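A short worksheet on the structure shown next.
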Amino acid sequence: TFEAEVKHATLSLYADDLNAIANVGDAITALGLPKCVASSGTPEKIHHGLTCAGLYDQLAPHIFSATQVTRGKPAPDLFLFAAEQMGARPERCVVIEDSVAGVTGACAAGMTVLGFHGGSHCTAEHEATLRQAGAAFTFSDMRQLPDLIAKAGQKHGSIAGFSPV
């Protein structure tokens, strides 16, 4: 029972410390495009985290975990799986990532990556690190997200290019 107890204690602590990134709910709503979550976490941790942050209902049912693929990030498998499940071609997807492993995996999948460096875990060097890993654009405020999606669409020839086929 030790593993179950540790898992329960971890999720409890996670709930106490987890807050949504400022303005993320409004940014998700403003997108007006199909969206999903592709996370390295377990399904339980993803559900718990999104619920605690008040985002689960905005993103369900399109929530994918690395447990659903053979190789997680930095491999492209999870991103390719999510795109397939969403009915989207990888080159028509935009990924918002805050980790080097995620940026690496999304780039390997042929997707455009927006590197987010506004989380409490991000250091002053995080923006440069995400750019070096391949992020096309970086940002620290979720209110920038809708405009960055439009900018990414213009860079690749069409904003409509980021909706499912």
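The values are calculated or read from the model by the stated rules, or taken from the named source; none is laboratory data. Quantities reported herein were computed from a predicted structural model and do not represent experimental measurements. Cβ placement follows ideal geometry from the backbone for every residue including glycine, while neighbour counts extend to all protein chains displayed.
What is the one condition in (1) free of Cβ contacts under 8 Å to residues at least 60 places away in the same chain; (2) surrounded by fewer than 17 Cβ atoms within 10 Å (Cβ to Cβ); (3) of a type in the set (S, T, N, Q) that Asn23 does not satisfy?
Condition not satisfied by Asn23: (1).
If Gly87 meets every condition in (1) more than 23 Å from Gly119 (Cα to Cα); (2) free of Cβ contacts under 8 Å to residues at least 40 places away in the same chain; (3) touching a Pro at 6+ places or on another chain (Cβ under 6 Å) apart from one, which number is that one?
Single failed check for Gly87: (2).
Just checking, how many residues over segment 58-78 are in a helix (DSSP H, G or I), crowded, with 18+ Cβ neighbours inside 10 Å and in contact with a strand residue (DSSP E or B) (Cβ under 6 Å, 6 or more places away or on another chain)?
The total comes to 1.
Given the criterion over 24 Å from Ala101 (Cβ atoms) and more than 12 Å from the chain's Cα centre (by Cα), identify the matching residue among Gly49, Gly54. Give the derivation first.
Values: Gly49 fails: over 24 Å from Ala101 (Cβ atoms).
It is Gly54.
Is at least one residue of segment 115-123 at pLDDT below 95 and among the β-branched types (Val, Ile, Thr)?
We begin by selecting, within segment 115-123, every residue at pLDDT below 95; these are 118-123.
Next, only the ones that are among the β-branched types (Val, Ile, Thr) stay: 123.
Yes - at least one qualifying residue is present in segment 115-123.
Among the residues of segment 1-49 satisfying the criterion of being within 26 Å of Gly153 (Cβ to Cβ) and part of a helix (DSSP H, G or I), which is modelled with the lowest pLDDT?
Filtering segment 1-49 for residues within 26 Å of Gly153 (Cβ to Cβ) gives 20-39.
Cutting the leftovers down to part of a helix (DSSP H, G or I) gives us 24-31.
Numbers: Val24: 93, Gly25: 93, Asp26: 94, Ala27: 93, Ile28: 92, Thr29: 92, Ala30: 91, Leu31: 88.
For segment 1-49, the residue satisfying everything is Leu31.
Just the residues that are of a type in the set (Gly, Ala, Ser) and surrounded by 14 or more Cβ atoms within 10 Å (Cβ to Cβ), please, taken from segment 112-127.
Gly115, Gly118 - these are the residues of segment 112-127 that are of a type in the set (Gly, Ala, Ser) and surrounded by 14 or more Cβ atoms within 10 Å (Cβ to Cβ).
Could you identify the single residue in Ala124, Ala128 that is part of a loop (DSSP other than H, G, I, E, B), out of contact with any Pro (no Cβ under 7 Å at 6 or more places or on another chain) and of a type outside the set (Val, Ile, Thr)? Walk me through it before giving the result.
Details: Ala128 fails: part of a loop (DSSP other than H, G, I, E, B).
Answer to the selection: Ala124.
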